[in-house]
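First the structure, in the form of C-alpha cells, and then the observations on it.
The values are calculated or read from the model by the stated rules, or taken from the named source; none is laboratory data. None of these values were measured; they are calculated from a predicted model. For neighbour counting, all protein chains shown are included, and Cβ atoms are generated from backbone atoms with ideal geometry for every residue, glycine included.
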Amino acid sequence: MENKKLTWQQLVLVASLIFGMFFGAGNLIFPVQLGQLSGGNWLLATLGFLVTGTVVPFLAMLAVSVTRSRSVYDVARPVGHWFGLAFLVAIHLTIGPFFGTPRTAATAFSMGVAPFIAPKYQGLGMLVFSGLFFGLAYYLTVKQSGLMKWVGKYLNPLFMVLLLLVLLMALFMPMGNTHQVVSTTYQAHAGFQGILDGYNTMDGIALLALAVSVVYAVKALGFRDVQVSKVLAKAGLLSILAEALLYTALVLLGVTSLGQFKAAANGGDAFAQIVAHYAGNFGTALTGVVVTLAVFTTAMGLFVSFAQDMHLAFPKVSYLWFLRVIAFGSFVTANAGLTNIVAWSVPVLMLLYPLSLVLILLSLTAKFFNYSKVVYRSVVGFVTLPALLDALASSPFMAGHFAQQVVSQYHQLVPFSALGFGWIVPALVGAAVGLGLYTLAQVSQKQSVAVNVDESY
C-alpha cells in the first residue's frame with residue numbers, strides 16, 4: 001500500500017488542532033504575568049518558559065507517537081503495570097476534573113463575565129456559567145469524530161483572529177518600553193524561573209494525554225501507522241513555532257504594560273487591564289470572548305482524552321460514562337474558585353513534571369536499550385523522592401516546622417534543588433545505574449549463549 005502524501009491544507013489543519021488543544025487559559029495568562037514579573041530580564045525568562053511551554057509538549061507528542069501508545073498508560077507501562085495505571089489516573093485527574101478543566105471555566109468567568117456581574121451574584125453567575133460551559137463541552141465531545149471539525153476548523157482560527165487584534169493594538173500603541181523593574185524572583189535565575197513557570201501551563205503532561213487524540217485524528221485523514229510520527233513531527237513543529245511567537249508577544253505585552261500599570265495579582269487580571277486600557281468596556285467584553293474560546297478548545301480536548309484513556313484502562317466503564325464524570329467533576333471543582341485551583345495545582349505539577357519529563361526522554365531513547373524495565377525503573381525510582389520533596393517545598397504544608405527542616409536539608413544536599421530542579425542529578429544517576437545493569441545483563445546473556453554453543457559441540 002502506497003503512503004499517502006501530506007498536503008499543505010492537512011498540515012495546517014492538524015497543526016491547528018494541536019495548537020487549539022493545548023493553548024488554553026494558562027497559555028494565555030501566564031506569559032503576560034511572566035512579562036510583568038521578569039521586567040527587563042524578560043528574554044531569559046521567556047527562553048526558559050519556551051522550554052517547558054513548547055519543546056517539552058512537542059517531545060511528549062513525539063514520544064506517544066514513536067512508542068505507538070494508545071494512552072498515557074502505555075508510556076509509563078515499562079515501569080510496571082500498577083505504576084502505569086497510577087500515572088494515567090494522576091495525569092488525567094490533574095489536567096481533568098481536579099485542576100485543568102475547572103481552571104478553564106474559572107478563568108473565562110473571572111476575566112470575561114465577572115466584571116459585568118454585581119459582587120453578590122458572583123457565586124450564582126459562576127454556577128450558571130460553568131454549567132453551560134461544561135454542558136456544551138460535553139455535548140460537542142459525545143461523538144469523537146466531531147473533535148477535528150470543531151476545534152481545528154472553527155473555534156481555533158476564530159480565537160486567533162481575536163487575540164491577534166489585541167496584540168496589534170499593543171504593537172502600534174505600546175504602553176511602555178522593555179526596560180522595566182525586575183521582581184525579586186527573576187533577578188538571579190530568570191531562565192530557571194521561566195522553566196518552572198512553564199509548568200503552570202500543564203502542557204508537558206497534557207500532551208502525553210492529548211497526543212493520543214491527535215494520533216487518532218491523523219489516522220482518520222487516511223495516513224498509515226508508519227506515517228503518523230512524521231505527520232505529527234511536521235504539524236507539531238509548525239504548531240510550536242506559532243505558539244513560541246505568540247508566547248513571546250504575550251510576554252512583551254506584559255513587560256510594556258508596566259509603563260501604565262503595576263504588576264497585577266495574576267495574569268488574568270493583567271490581561272484584562274491591558275485590553276480595557278485600549279478598548280474600555282468593549283475590551284473587557286472582547287477579553288471574555290477571546291479567553292472563553294481559548295479555554296473551551298482546551299476543555300474539549302481534555303474531555304475526549306480523559307474519556308479515551310480512562311476507558312482503555314478500565315474497559316468495563318464506558319467512554320460516555322467517563323465523559324459524564326469529567327463534565328460533572330469539572331463543574332463542581334470550578335465553583336471552588338480560581339485562586340484555590342491554581343494554588344493547589346503547583347505542588348502537584350512539581351511532582352508530576354519530573355516523572356513526565358523522564359518518561360518522555362526514556363520513550364524517545366528506548367530503542368537504544370530495548371525498552372528495558374531495569375532502565376525505566378531505575379530512572380523513575382531515583383527521581384520519585386526528589387520530585388516529592390520539590391512538591392512539598394511548594395505546598396501549603398511548608399508552614400509546618402518539620403516540613404521546613406526536611407526541605408532545608410534537601411536543598412543543602414542535592415544540587416539544583418533550591419531552584420526546583422532537585423530531580424535532575426538523581427535522574428542522571430538513575431540512568432547510569434539502569435544502563436549499567438542493562439549492559440551487564442546483556443553481556444551475561446551473551447556469555448551464557450556462547451557457553452551453550454560450546455557445550456553443544
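Observations on the structure shown:
- Flag for Met310 being farther than 21 Å from Asn177 by Cα, touching an Asp or Glu at 6+ places or on another chain (Cβ under 6 Å) and part of a helix (DSSP H, G or I): no
- The residues of the range 66-94 that are under 15 Å from the mean Cα position of the chain (by Cα) and at pLDDT below 90 amount to a single one, Val72.
- Any hit, the range 348-357, residues being among the small types (Gly, Ala, Ser), on the phi < 0 side of the Ramachandran plot and either buried (at least 22 other Cβ atoms within 10 Å of the Cβ) or without any contact (Cβ under 8 Å) to a residue 24 or more places away in the chain (or both): yes
- Selection of the range 254-269 for residues being surrounded by fewer than 24 Cβ atoms within 10 Å (Cβ to Cβ) and either modelled with pLDDT of 80 or more or not assigned by TED's automatic domain parsing to the domain that holds Val113 (or both) yields Thr256, Leu258, Gly259, Gln260, Phe261, Lys262, Ala263, Ala264.
- Residue match in the range 313-332 (condition: surrounded by 24 or more Cβ atoms within 10 Å (Cβ to Cβ) and not small (Gly, Ala, Ser)): yes
- Here Gly191 does not fit the description of being part of a helix (DSSP H, G or I), farther than 19 Å from Gly283 by Cα and touching a Ser or Thr at 6+ places or on another chain (Cβ under 8 Å).
- Residue in the range 173-182 that is part of a helix (DSSP H, G or I), over 24 Å from the mean Cα position of the chain (by Cα), among the polar types (S, T, N, Q) and modelled with pLDDT of 85 or more present: no
- Selection count where residues are modelled with pLDDT of 80 or more and in contact with a helix residue (DSSP H, G or I) (Cβ under 8 Å, 6 or more places away or on another chain), scope the range 396-414: 6
- Pairs, first charged (D, E, K, R) in the range 60-87, second not in a helix (DSSP H, G or I), C-beta under 7 Å, six or more apart: Asp74/Thr67
So that you can scan it fast, the table gives a plain yes or no per residue for (1) more than 28 Å from Ala90 (Cα to Cα); (2) surrounded by 24 or more Cβ atoms within 10 Å (Cβ to Cβ); (3) aliphatic (A, V, I, L, M); (4) outside the structural domain of Ala60 (by TED's automatic domain parsing):
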{"position": "Ile195", "(1), (2), (3), (4)": "no, no, yes, no"}
{"position": "Leu207", "(1), (2), (3), (4)": "no, yes, yes, no"}
{"position": "Phe223", "(1), (2), (3), (4)": "yes, no, no, no"}
{"position": "Leu238", "(1), (2), (3), (4)": "yes, no, yes, no"}
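- Of the helices (runs of 4 or more DSSP H) lying entirely inside the range 38-144, the ones with 3 or more residues being farther than 29 Å from Ser257 by Cβ are found at 56-66, 72-76, 81-93, 122-141.
- Of the residues screened, Thr178 is not one that is closer than 29 Å to Met61 by Cα and either touching a helix residue (DSSP H, G or I) at 6+ places or on another chain (Cβ under 6 Å) or in contact (Cβ under 8 Å) with a residue 60 or more places away in the chain (or both).
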